[in-house]
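The values are calculated or read from the model by the stated rules, or taken from the named source; none is laboratory data. None of these values were measured; they are calculated from a predicted model. No Cβ is skipped: glycine too gets one built from the backbone with ideal geometry, and neighbour counts run over all protein chains shown.
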There are 2 protein chains.
Amino acid sequence: MTSDAAPAPARARREQILATAAELFAERGFHGVSVADLGAACGVSGPALYKHFASKDAVLAEMLVSISEHLLAGGEERVAAADGPADAVRALVDFHVAFALDQPALIVVQDRDWASLPAEARERVRVLQRAYVEVWAAQLRALDTGLGAEASRAAAHAAFGLVNSTPHSARASRERMRELLAAMACRALGVAPAPAQVEMSG
Amino acid sequence: MTSDAAPAPARARREQILATAAELFAERGFHGVSVADLGAACGVSGPALYKHFASKDAVLAEMLVSISEHLLAGGEERVAAADGPADAVRALVDFHVAFALDQPALIVVQDRDWASLPAEARERVRVLQRAYVEVWAAQLRALDTGLGAEASRAAAHAAFGLVNSTPHSARASRERMRELLAAMACRALGVAPAPAQVEMSG
DNA sequence: GCTAGCCGTTAACGCCCACTAACCTTCCCT
DNA sequence: AGGGAAGGTTAGTGGGCGTTAACGGCTAGC
């Protein structure tokens, strides 16, 4: 999809803009960050952004689409490598927890500024997110055959909400947060956590 | 704090504005709704809002402060009426689930547009929210004495995230959602759910 | 060494929006 | 009855923001 012929510095600037935008959007919201702000935070100023992106919207669009693609691909991969639904759910939890801990800004932007996307990108992200939810929901249904389609999706959303709470607390150490969130998510979903930690106090 | 001398229709309009603003802000975000939009949705147009609120910010401020006060007061009340920490956690879960199901728009606005608050209100909301988190965290620590202060707060945030996922799914019936979320939250927090439903399939 | 094109600059344009001003109606209160 | 507040209206203003225009230096290839 992306061309490899582009020179290195241009690509570096693009990614700098994307990374900086993620932080700023997470802090102040998409509408709370002007292109001047974004440029300044990248060490350039104002409309230099338009040498790399068609619009401010396009920055958000690329950011959210790539998150959604990453999550879906990663989720499918973990499920394919798993040994049965319980193992799959554990793997999904670990994967999502790691992502949330590594990229709290992206988590925040994804579920706050989705509505600010231009229509086309919004639809694309929606499709990808539904597919990701379905990856989880299918494993949950395999685990509990009494679970309906809607209930399994709601349970997946609930697990996302639990794990995505990271940016709101995020005070304990990364490893403790990882254990806490994974254990809570597994218990909420009705599977035993992967390591020895079964009790909340670890 | 609020004067009772104001005539009834004025108060009705104020509350109509607050309720309408909650819906619109939840859909499009605070910055995505203009005062003209908000007025139009209330059947009046544009600057009529300034007869009832000092500014657009003030609408958001009153909305979020009152949510936070409601949650804190309700939480303290449930804990006071509870019979031990496990019962308290169950009561807190039920309370929060009911609120999230009844007021999904407020949930969305609260954790998306907090940063758009004017400084004073933002601080006020922050203090109230920390107190509410502490109400939960104290019960969680009483339940599991190995739980540290930070971990207990993180667990409370995780539970909020789980329950507050309602607006993202919200397709199943209210009663099924209530049971599902309460059961998941209780399991995540390490207490048995209140009614007979212990398994996910209810 | 000249020419292209990438990447940046500053200036300016146009729109939208929060907010104010000025004015009007309705209705309660004495 | 009549005056004033409460709660509307439309017109206007000022500022901020996304975007475009016009221009300039650097680097690379013929």
On the basis of being within 16 Å of DNA strand D (Cβ to nearest atom), without any contact (Cβ under 8 Å) to a residue 40 or more places away in the chain and either surrounded by 14 or more Cβ atoms within 10 Å (Cβ to Cβ) or over 23 Å from the mean Cα position of the chain (by Cα) (or both), does A:Phe30 make the cut? no
Name the single residue, out of those in the range B:20-44 being part of a loop (DSSP other than H, G, I, E, B), more than 7 Å from DNA strand C (Cβ to nearest atom) and not β-branched (Val, Ile, Thr), that is farthest from the other protein chains (Cβ to nearest Cβ). B:Gly43
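With the condition being under 24 Å from A:Glu23 (Cβ atoms) and touching a residue at least 60 places away in the same chain (Cβ under 8 Å), I'd like the helices (runs of 4 or more DSSP H) fully within the range A:95-202 carrying at least 3 qualifying residues.
Values: elements: A:104-112, A:119-143, A:149-163, A:174-189.
Because the criterion is at least 3 residues that are under 24 Å from A:Glu23 (Cβ atoms) and touching a residue at least 60 places away in the same chain (Cβ under 8 Å), the helices (runs of 4 or more DSSP H) in the range A:95-202 that meet it are A:104-112, A:119-143, A:174-189.
Specify which of the listed residues (A:Phe99, A:Phe53) is more than 16 Å from DNA strand D (Cβ to nearest atom), among the aromatic types (Phe, Trp, Tyr) and more than 14 Å from chain B (Cβ to nearest Cβ).
Working: A:Phe53 fails: more than 16 Å from DNA strand D (Cβ to nearest atom).
Within the list A:Phe99, A:Phe53, the selection yields A:Phe99.
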In this structure, does B:Arg112 turn out to be within 12 Å of another protein chain (Cβ to nearest Cβ) and touching a Lys or Arg at 6+ places or on another chain (Cβ under 6 Å)? yes
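Only one residue in A:Leu117, A:Leu147, A:Leu72 is buried (at least 16 other Cβ atoms within 10 Å of the Cβ) and more than 13 Å from chain B (Cβ to nearest Cβ), so which one is that? Write out each step before concluding.
Numbers: A:Leu117 fails: more than 13 Å from chain B (Cβ to nearest Cβ); A:Leu147 fails: more than 13 Å from chain B (Cβ to nearest Cβ).
Among A:Leu117, A:Leu147, A:Leu72, only A:Leu72 is buried (at least 16 other Cβ atoms within 10 Å of the Cβ) and more than 13 Å from chain B (Cβ to nearest Cβ).
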Which ones in the range B:45-56 are more than 7 Å from DNA strand C (Cβ to nearest atom) and modelled with pLDDT of 95 or more? B:Ala48, B:Leu49, B:Lys51, B:His52, B:Phe53, B:Ala54
From the list B:Val59, B:Val65, pick out the single residue that is within 14 Å of DNA strand C (Cβ to nearest atom) and either modelled with pLDDT of 95 or more or assigned to a helix (DSSP H, G or I) (or both). B:Val59
